[in-house]
Structure formats: structure tokens, C-alpha cells
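Quick notes on the structure that follows.
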Amino acid sequence: MQTFSIDLPFPTHPPKMLLFDYGQTLINQAKFDGIKGTQAVLQYATRNKYNRTAAQVQAEADAINRELGRADKSTRHQFQVEVPNHMFTSYLYTSQGIELSIDADAVDRVFWDAASPGRATEGIGRFLQYLAGTGIRTGVVSNLAFSGKALRERIWACIPEHTFEFILATSEYLYRKPNRRIFELALEMADLSPEEVWYVGDDYECDIVGASNAGIFPVWYLGAIDMPYERKEGILTVEGWAELEDILEGLRMPEGEVEDIRKRI
């Protein structure tokens, strides 16, 4: 395991780029219901050798996730190598004697749309317009087993008015947050140094600790968080996008006023 620390100075100017987490940051996802997702996928079954129900298939999926160490939200940040969902579902359905008439990308989309539909977080559209107007670049780095295609389609559907420079799903790049390699990959894709980028996310271990360990200034977004949290000293924390916009605007002010912003952390 890596050793993490958060010891970055508060920036004195706005970033050149904001990188965003996906779930509960850009998009507010509904509570996950794996049985609903599996029910939707089983509609495309051309063979179900053992007449498995959605509940039975999902129970097996849950058991596999427990074996992999992905089931417990409080510890899954320790799992830092991604298992692409096309590999997971290929094993799951084949092992259960089930054949499907749709390809892996469609399985991802059908399952995800039924199990956990999403909508844009409140105020994100206006905030992204603000970033575009001020020339601050944007990208997405998401811990996601679903395909990058599924992620891009969902973000485009929920936030059609904004174009991100890139949308990075860990299913396509081996590593998961908080591993610093996935953040360093994003920096390479952006052609920027860590000091020029901020990362905004809802998960303390994966997003805040992970970004900081890569030298990227983290912002803890709590506007759509679906887990208990405890504010931590020294972390820039916001509960809405208008609040972060005010902070970015404040960094354009004289130094004395910037100091007032630092005191809010």
C-alpha cells in the first residue's frame, strides 16, 4: 500500500484546469440496485441453463465482489487495480450458464441505466459555463468498471451543453484512484504540471488523498455525497458549485482578500 499525506499550500491563483470525479460530483447517481440492473440485462438472455433469477445472479456478483475486496465502501479505496466490467460480466454470466444477445458495451449501458440512473448535480451546468467563460479547462477522471463509452454517453446525456477535453474511465487504464498513477496519467493527457490542476471529488480517500498524493490541489465536494463524512481540517470543502465559483473568483482579488479565502478552509 502507498503512504499518503495531504500537505499542499493553498493556491495563489486559479488553476489552468479542473479535473472532476464523476459519481456524486458531476452526476448525482440514484442508490445502486443491482437486482434491477440484472433484471434488465436478463431480458436479453438467449439461454439461461439453470433458470437463474436476477436475485440469484446478483447474489453471485456480490460474492465475487466480496472476494475481490470491492464490496465494502469504507475499504474499497485499497483496491487500486481496475477490473473492467466486460471481464466481470463475461465471467459472471458464462459461469451461470447464461448467454446474452447484446455485446459488452450494451450490457454495461443496460445494467447501469437500470441499476443506478443519474442526473446532473445541482448547479453544475452554470458552473461549467463559468469555467468555459474564464478559460479554465476541464476533464473527468472516474473510478469506473463500466466502459469509457458508457461513461461518456452518460455524461453527454446529463450535461449535453459542455464538452470536457477528456473523460477518463479507469476501466480503460488499469489503475484506480487513489493510486497516483491514474492522476499522473490525467496530467499527461492534459500536458500540465500538478501545480496547474485542481481535482474535485466527493470521496475523501480516492479523490482528496489521491489527488494530493499526486501533487494536485484537491477540493472536497459534498453537494451530492451519499456516505457519512466528517469535515477534516486543512481541506478545501464546498457544498455547492456556486461556492467553488466564488473561491475561484476570489483568487483574482488582491492578496489580502485571498487570505480571507484561505481562512475559510
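The values are calculated or read from the model by the stated rules, or taken from the named source; none is laboratory data. Keep in mind the model is a prediction, meaning the values are calculated, not measured. Heads up, the Cβs are rebuilt from the backbone with ideal geometry, glycines too, and the neighbour counts pull from every protein chain shown. Each accessible area value is taken on the protein alone, full model and side chains, heavy atoms only, with ligands, DNA and RNA left out. Shrake-Rupley method; radii C 1.70, N 1.55, O 1.52, S 1.80 Å.
Miscellaneous remarks
- Fully extending the segment from E249 to M189 would add 19.0 nm, taking 0.36 nm per residue of separation and subtracting the current Cα-Cα distance.
- Cα-based helix-to-principal-axis angle, 104-115 vs the chain, degrees rounded to 10: 80 degrees
- Once the 1.4 Å probe is applied to the protein heavy atoms, the range 67-186 comes out at 46 Å² accessible per residue.
- The range 187-215 versus the range 10-80: alpha-carbon centroid distance in Å: 22 Å
- Whole-Hz ³J(HN,Hα) from phi, Karplus 6.51 cos²θ - 1.76 cosθ + 1.60, for the range 231-238, glycine and proline x: 4, 10, 5, x, 10, 5, 10, 10
- Nearest 10 degrees, 0 to 90: helix 241-250 Cα axis against the chain principal axis: 30 degrees
- In Hz, Karplus ³J(HN,Hα) per residue of the range 160-173 (6.51, -1.76, 1.60; θ = phi - 60°; x = Gly, Pro): x, 7, 10, 10, 7, 4, 8, 10, 9, 9, 5, 4, 9, 9
- Contact order normalised by residue count of the chain, Cα under 8 Å, 6+ apart, percent: 27 percent
- Taking the range 153-191 and a reference point 7 angstrom along Cα→Cβ of Y130, no backbone N atom is nearer than 16 Å.
- Ordering of 22-35, 126-139 by packing [mean C-beta count within 10 Å, highest first]: 22-35, 126-139
- Contact order for the range 132-244, expressed relative to its length and based on alpha carbon pairs under 8 Å spaced 6+ residues apart, stands at 18 percent.
- Protein accessible area in the chain, 1.4 Å probe - carbon and sulfur %: 48 percent
- If the Kirkwood radius is taken over C-alpha pairs of the range 40-115, then at 4 °C and 1.567 mPa s the Stokes-Einstein diffusion coefficient equals 98 µm²/s.
- Per-residue ellipticity at 222 nm computed for the chain from its helices equals -11500 deg cm²/dmol, with DSSP H segments shorter than 4 residues left out and the rest contributing -39,500 (n - 2.57).
- Each peptide among 102-115, 212-225, 51-64, 229-242 gets the average number of other Cβ atoms lying within 10 Å of its residues, and from highest to lowest they stand as 212-225, 102-115, 51-64, 229-242.
- Value of D in µm² per second that Stokes-Einstein yields for the chain, Kirkwood Rh from Cα pairs, at 20 °C (1.002 mPa s): 110 µm²/s
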